[in-house]
């Protein structure tokens with residue numbers, strides 16, 4: 001289900017679009033932890049967007065949406081005379097925050113200020129000296145993301161880590177067709193903070209969910225919520241053992257256990273496939 005997304009700030013009516021950083025605006029563009037747009041998002045959460053409510057809005061939606069913030073936005077923008085989506089309204093009416101950052105594609109940002117049917121060169125020449133276009137803020141790589149509402153946090157891996165590719169916020173704050181249920185959007189409306197102060201994070205006493213919020217976790221939990229099946233008795237005991245081991249590893253707080261969790265996730269995938277095959281045979 002291909003669609004474009006945009007980060008929006010519910011409280012300030014501002015937005016951040018991956019396309020303005022010459023990156024894909026599809027979900028893969030926002031999933032990437034190493035991408036420019038992701039680092040800009042975390043930098044905003046530390047300063048201009050600190051404490052604000054953030055949502056990753058898709059251009060497609062259904063009536064499954066139940067989050068009150070998204071419902072409020074839909075009541076304001078989806079019901080106007082043009083029947084626009086929130087995604088469309090954000091791009092046309094909200095403030096584009098990419099203009100503050102040096103990593104932005106300056107041509108793309110300036111181009112969005114005008115009618116896209118006009119010549120790109122003409123628009124650029126008219127706005128290149130605009131004092132409102134700063135393009136000088138630098139991004140900061142923040143390691144800790146804290147959810148004060150749910151009293152939990154996760155730690156982003158070092159940029160040098162080859163496994164550092166997934167941005168959990170892309171699913172924790174998502175609202176779009178095909179991304180409801182399970183753990184999708186579970187942080188929408190929560191009070192968030194980012195920091196590099198490890199001692200401060202430890203002093204909070206919050207739950208460390210670093211090893212829990214993996215890419216496989218979101219796909220698995222969403223699938224279980226949306227496509228629930230009765231477990232096969234022949235597989236349930238092994239299922240439970242693997243889940244128990246996985247939960248024990250996650251709750252231990254021990255780091256660098258990604259390989260073990262990946263192995264367990266693969267085992268669970270194999271069990272689900274076997275279960276499906278057995279169910280198909282029994283039909």
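The values are calculated or read from the model by the stated rules, or taken from the named source; none is laboratory data. None of these values were measured; they are calculated from a predicted model. Every residue, glycine as well, gets a Cβ built from its backbone with ideal geometry; the counts of neighbours run over all protein chains shown.
I'm trying to understand the selection: among the residues of the range 49-72, which are at negative phi, surrounded by fewer than 21 Cβ atoms within 10 Å (Cβ to Cβ) and either in contact with a strand residue (DSSP E or B) (Cβ under 8 Å, 6 or more places away or on another chain) or not assigned by TED's automatic domain parsing to the domain that holds residue 135 (or both)? Show your work before the answer.
Here is the first cut: in the range 49-72, the residues at negative phi are 49-50, 52-72.
Checking the rest, the ones that are also surrounded by fewer than 21 Cβ atoms within 10 Å (Cβ to Cβ) come to 50, 52-53, 59-60, 62-69, 71-72.
Answer for the range 49-72, where residues must be at negative phi, surrounded by fewer than 21 Cβ atoms within 10 Å (Cβ to Cβ) and either in contact with a strand residue (DSSP E or B) (Cβ under 8 Å, 6 or more places away or on another chain) or not assigned by TED's automatic domain parsing to the domain that holds residue 135 (or both): 50, 52, 53, 59, 65, 67, 69.
Report whether or not residue 114 is touching a helix residue (DSSP H, G or I) at 6+ places or on another chain (Cβ under 6 Å) and at pLDDT below 85. Walk me through how you get there before you give the answer.
On the way: touching a helix residue (DSSP H, G or I) at 6+ places or on another chain (Cβ under 6 Å): yes; at pLDDT below 85: yes.
It is true that residue 114 is touching a helix residue (DSSP H, G or I) at 6+ places or on another chain (Cβ under 6 Å) and at pLDDT below 85.
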